[in-house]
Amino acid sequence: MPKLLLATKNAAKAREYRLLLRGMPLEIVALDGQGIQAEVSETGRTLEQNAALKAVAYARLSNMLTLADDSGLEVDALGGEPGVLSARYAGPGASDQERIERLLKRLKGIPWERRIACFRCVIAIATPEGRVEICQGECEGVIALSPKGENGFGYDPIFYLPQLDKTMAELSIEEKNEISHRGRAARKARHILERMLEENREKAQEGMANSSKK
């Protein structure tokens with residue numbers, strides 16, 4: 001069974017992707033499980049650039065088909081902040097709680113109707129040869145006045161979903177995967193992976209056929 005490398009050291013994110021890609025004919029592994037300690041700097045100016053940077057670098061390093069993502073929270077009242085800087089919004093090494101506190105402080109005094117936000121996830125899938133395909137998913141919500149919920153990670157405790165009357169952190173993993181930006185992007189990624197696997201099967205069969213003619 002071919003391997004798919006998840007280019008993340010975030011255990012919670014790796015668990016989500018294993019569930020989202022469950023049933024695919026792939027052995028899904030993560031960086032830590034493969035002993036890969038190298039860090040790829042997210043120097044891109046967009047989520048798309050960062051996802052592609054990581055996917056290509058780790059695919060070449062590991063010689064494996066690689067999936068990388070970059071996610072961002074875009075808040076309308078802040079002109080799209082924190083956006084591509086979501087993971088570094090409170091500085092290097094800051095905790096999820098510190099990032100949440102900084103965002104809530106920036107939104108202090110902003111009325112509910114202006115706290116509209118969008119979670120966006122961009123997934124890049126790269127081959128060791130450098131081929132890259134990209135897809136994305138989005139989820140709209142409102143930034144809550146205070147954190148609520150124990151599930152999820154990142155900004156999930158303050159991302160309120162009006163249609164469910166819950167924050168992302170109050171959802172079960174199954175509920176979250178159904179409606180989240182990462183879940184929507186992963187469903188598109190499944191189609192890309194299925195197509196890549198089928199292309200590889202066809203190439204292998206063609207190679208075997210050519211060999212038998214010699």
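Say we look at the stretch 115-160 and pick out the residues that are among the polar types (S, T, N, Q) and not in a strand (DSSP E or B); which of these is farthest from residue 95 (Cα to Cα)? Walk me through it before giving the result.
In the first step, residues of the stretch 115-160 are kept if they are among the polar types (S, T, N, Q); the result is 127, 136, 146, 151.
The next check asks that each one be not in a strand (DSSP E or B); those that pass are 127, 146, 151.
Numbers: 127: 32, 146: 16, 151: 16 Å.
If we take residues in the stretch 115-160 being among the polar types (S, T, N, Q) and not in a strand (DSSP E or B), then 127 is farthest from residue 95 (Cα to Cα).
So if I check each of 165, 69, which one is farther than 26 Å from residue 4 by Cβ and of a type outside the set (A, V, I, L, M, F, W, C)?
Sole residue among the options that is farther than 26 Å from residue 4 by Cβ and of a type outside the set (A, V, I, L, M, F, W, C): 165.
Tally the residues that are touching a strand residue (DSSP E or B) at 6+ places or on another chain (Cβ under 7 Å) and of a type outside the set (Gly, Ala, Ser), restricting the search to the stretch 146-179.
12
Looking only at the stretch 4-40, how many residues end up being of a type outside the set (A, V, I, L, M), assigned to a loop (DSSP other than H, G, I, E, B), out of contact with any Asp or Glu (no Cβ under 7 Å at 6 or more places or on another chain) and in contact (Cβ under 8 Å) with a residue 12 or more places away in the chain?
3
Do we have residue 143 as touching a strand residue (DSSP E or B) at 6+ places or on another chain (Cβ under 8 Å), within 25 Å of residue 101 (Cα to Cα), surrounded by fewer than 16 Cβ atoms within 10 Å (Cβ to Cβ) and not polar (S, T, N, Q) here?
Taking the combined requirement at face value, the residue does not satisfy it.
Residue 53 is checked against (1) crowded, with 17+ Cβ neighbours inside 10 Å; (2) more than 13 Å from the chain's Cα centre (by Cα); (3) not in a helix (DSSP H, G or I) and fails just one. What number does that condition carry?
Status for residue 53: all satisfied but (3).
Each value in this text was obtained by applying a stated rule to the coordinates, not by laboratory testing. Bear in mind that the values here come from a model prediction, so they are computed numbers and not experimental data. Note: ideal-geometry Cβ built from the backbone for every residue, glycine included; neighbour counts use all protein chains shown.
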